[in-house]
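> Please see the structure below; I have some questions.
Every number here is computed from the coordinates shown, using simple stated rules; none is lab data. Please read these numbers as outputs of a predicted model, since none were measured by experiment. Methodologically, a virtual Cβ is constructed for each residue, glycine included, from the backbone with ideal geometry; neighbour enumeration extends over all protein chains shown.
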Amino acid sequence: MGAEQNWIPTEIGPADVGAEATPYGLIDHLQRLEDLTGLLTREKALVFRGFGVTPGELDKVFDLLLPNRLAYVHGNSPRTKVGQNLYTSTEYPQEFTISMHNEMSYAHQWPARLAFYCEVAAETGGATPVVDGVRWLAALDPEVREAFAGGVRYLQNLHDGYGFGKSWQQTFETDSREEVEAFLAGTEATWEWKKDGGLRVAQLRPATTRHPVTGTEVWFNQADQWHPAGLGDETAATLASIMPVEDLPQSVTLADGSPIPAEWVEQIRDRGLDEAVNVDWRPGDVLLIDNVLVGHGRRPFTGSRRVLVAMSD
């Protein structure tokens, strides 16, 4: 695995860059930084710590980290929009782990980078684990890598406002069917409007991808998050008793439609987490990641936790 063997995110503090330990010290540093993209590509993830960024300066910091902030259109994770293409991190019950993933790797287009901001750190736990995609790919059994070589097929069932999971209005941030169809027309997806007003979307996507600059191949799909087995045995059994797999809010198969064995899903989930490095939050921290080279997740936590996220192409 070479240089990836001992990879950890690069931490940058005021003393490291000769800046004031204030939000404006970070802003000044970022304004003077000549090649943020090159730095991020080399290091894969950057933690800006010790600058005490507050919500009042967050937009100024994110404007420098994210050249073109994107809306979370076609996102499958429950979030709340709290600002200019600024969202809460996944609103998933705090007692559960969120497995490793690259944001929107199931989509036709995905953000190139993500920035996270810790406003309130959890009482205990709540780290954001990050994993080098090269390590994750190498950690999987050859049998799994070979089976996924043809890609994966994702299926979404989005209700019309009342139902299990997200509505199509929430997912696409619009009430217009025409806007949804115009968006999907450019994604190589197939879709159909159902009699109950819901929307079914199917997408065939690769299981790995190569970084556009380095050419590095990484594990790059969300099969374990879209598969019932990724939720644990009890939850999977409950879902199976309620409805067929193809009617779940989201599901996944291999490219040819073959089911993915539960043990493969568990291997993908567990080895990604095993290879991950925790970013333990302190209030005011900012984390920037290359969304192709690095996957991310969330550890369980207690108490209040508020981490915001934005993304850019």
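> Note the per residue figure in Å³ for the convex hull of the C-alpha positions in the chain.
Dividing the Cα hull volume of the chain by its residue count gives 137 Å³.
> I would also like to ask the following. Which residues' amide hydrogens lie under 5 Å from the amide hydrogen of Arg113, considering only partners 5 or more residues apart or on another chain, with H built in the peptide plane?
For Arg113, the qualifying residues are Asn291, Ser312.
> Summing -39500 (n - 2.57) over the DSSP H runs of n ≥ 4 in the chain and dividing by its residue number, what mean residue ellipticity at 222 nm do you reach, to the nearest 500 deg cm²/dmol?
Calculated at 222 nm, the ellipticity per residue is -7500 deg cm²/dmol.
> Follow-up. Treating each Cα of segment 160-216 as an identical point scatterer and ignoring solvent, apply the Debye formula and state log10 I(q)/I(0) at q = 0.15 Å⁻¹.
Summing over Cα pairs of segment 160-216 leads to -0.55.
> Could I ask something else about it? Return a whole-number percent for the relative contact order of the chain, with Cα pairs under 8 Å and 6 or more residues apart as the contact set.
Contact order relative to length: 36 percent.
> Assuming R0 = 22 Å, what is the FRET efficiency of Glu217 and Asp141, from their Cβ-Cβ distance, to the nearest 0.05?
For R0 = 22 Å, the calculated efficiency reads 0.85.
> Rounded, prolate or oblate: pick one for segment 143-187, where a ≥ b ≥ c are the square roots of the eigenvalues of its C-alpha gyration tensor, a/c under 1.5 means rounded, and failing that, prolate if a/b is larger than b/c, else oblate.
Oblate.
> Assigning unit charges at the beta carbon (Lys, Arg +1; Asp, Glu -1) and nothing else, what dipole magnitude in debye, to the nearest 20, does the chain show about its Cα centre?
Dipole of the chain, to the nearest 20 debye: 300 debye.
> So what J values fall out for segment 97-106 if you push phi through Karplus, 6.51 cos²θ - 1.76 cosθ + 1.60 with θ = phi - 60°, rounded to Hz, Gly and Pro as x?
7, 9, 5, 5, 6, 9, 4, 6, 5, 7
> With the Cα gyration tensor of segment 80-229 in hand, give its eigenvalues times 5 under a square root as the equivalent ellipsoid semi-axes, listed largest first in whole angstrom.
Semi-axis lengths for segment 80-229 are 27, 23, 16 Å.
> When ranked by the protection proxy of mean other Cβ atoms within 10 Å per residue, highest first, what sequence do the peptides 129-141, 271-283 form?
My ranking of the peptides, most packed first, is 129-141, 271-283.
> Something else about it: If R₀ is 30 angstrom, what is the calculated FRET efficiency for the pair Glu20 and Ser304, using the beta carbon separation as r and rounding to 0.05?
The computed FRET efficiency comes out at 0.55.
> Moving on. Can you give the local net charge around Glu20? Use residues other than it whose beta-carbon is closer than 13 angstrom to its beta-carbon, Lys and Arg +1, Asp and Glu -1.
Every neighbour counted, the sum reads -2.
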